[in-house]
Amino acid sequence: MEFVVVVAGLIIFNFAGSLAAIQQDRWCEAWLDRLHRSLGAKFTPWLLFAVSVFVPAAIILLIDRFVAGWFHGLVWLAFNLLVLLYAFGRGNLDDQLNSYLAHLERDDLQAAYHDAAAFNINHHEALAGNLAELQQETLRSIPYQYFERYFAVIFWYVLLGAAGAVLYRLSVYLRGRSLDQAAEATVAERWLWLMEWLPLRLTGLILAVVGNFARCIDIWFDQLFSKENTTAEVLGFYVQGALDIQPEKEEGAEYFADEVLAVKHLFNRGLIGMVCLLALLVLIS
């Protein structure tokens, strides 16, 4: 049944582009504010973070178990589909990519810098000093957008069910919310790095299969036990290998636009590869 939920969720989400009505985070903001006011001074950052993400995930788990079997599983199916759609990434990534590409093609660098902020993990303006540096930053941030939007969510949903998908989305949300709090930001970053370690390696294998296998798999083994690089950096290495991007590459807005399109197509193939992997697991289980 999880396979049906994943496929249905991907179809709905890709056709819709974004689901702002379902992906409401106001409840989460209210929950975190109340938690900080009541327990912020008493709990350590790690304990406060754990309560923040594990309590909602536990509630989702209880509901998931409670509705199992209702109306021949249809209530469970609907509930899991809604949770998965909620857990997918925010915003319309296709629209953001199209806007960035359009501004690149028009050589409107100021607008391209503004667009690149949507891809940045912290949604900050790019720090690049020229078009080549902007493209380098963007090619690191776009792959991560695909990863946290789809791949990591599906991984945790398949592994832990609806609770796992919510746990990951809340962890991402807290990482963005804790940027101005040094201690909380450190906790959120470390926890998210742990949550992303395994799905990141699986995504690397999938990208190797749908891209340049020989080069990507070499990078995959090289980065297998890397502790120094962030998830976005490791993912950027995978993409560089899967697309066989050479360091001595051409420059220019048209070439850079082609690179972004290549990344988009790579991850679209990767999503198909992940669905095929899930189908194989269903067949052999």
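The values are calculated or read from the model by the stated rules, or taken from the named source; none is laboratory data. A quick note: this is a predicted structure, and the numbers were derived from the prediction, not measured. When we count neighbours, we look across all protein chains shown, and the Cβ atoms used for this are built from the backbone with ideal geometry, even at glycine. Note: accessible area is taken over every heavy atom of the protein model, side chains too, but ligands, DNA and RNA are not part of it. Shrake-Rupley method; radii C 1.70, N 1.55, O 1.52, S 1.80 Å.
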- Task: Report yes if Ala58 is assigned to a helix (DSSP H, G or I) and either free of Cβ contacts under 8 Å to residues at least 12 places away in the same chain or within 23 Å of the chain's Cα centre (by Cα) (or both), otherwise no.
- Result: yes
- Message: Quick check on region 200-212. Is at least one of its residues touching a helix residue (DSSP H, G or I) at 6+ places or on another chain (Cβ under 9 Å), modelled with pLDDT of 95 or more and closer than 30 Å to Trp27 by Cα?
- Response: yes
- Note on the structure: Of those in region 132-164 that are among the small types (Gly, Ala, Ser) and out of contact with any Leu (no Cβ under 8 Å at 6 or more places or on another chain), the residue surrounded by the fewest Cβ atoms within 10 Å (Cβ to Cβ) is Ala132
- Query: When only residues in region 52-69 that are exposed (fewer than 15 other Cβ atoms within 10 Å of the Cβ) and either among the small types (Gly, Ala, Ser) or at pLDDT below 90 (or both) count, which is nearest to Ala162 (Cα to Cα)?
  - Reply: Ala58
- Of all residues in region 1-38, count the ones that are open to solvent by 40 Å² or more (accessible area, probe 1.4 Å) and among the aliphatic types (A, V, I, L, M). 10
- Message: Among the residues that make up region 153-167, is at least one of them at pLDDT below 85 and under 16 Å from the mean Cα position of the chain (by Cα)?
- Response: no
- Among the numbered criteria (1) at pLDDT below 85; (2) open to solvent by 50 Å² or more (accessible area, probe 1.4 Å); (3) outside any loop (DSSP other than H, G, I, E, B), which single criterion is violated by Asp107? (3)
- Message: Based on this model, can you work out whether Val75 counts as open to solvent by less than 40 Å² (accessible area, probe 1.4 Å) and of a type outside the set (D, E, K, R)?
- Response: no
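A quick yes/no check of all residues on (1) free of Cβ contacts under 8 Å to residues at least 60 places away in the same chain; (2) out of contact with any Gly (no Cβ under 7 Å at 6 or more places or on another chain); (3) over 30 Å from Glu105 (Cβ atoms):
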position	(1), (2), (3)
Ser141	no, yes, no
Phe151	no, yes, no
Gly161	no, yes, yes
Leu174	no, yes, yes
Trp193	yes, yes, yes
Asn212	yes, no, no
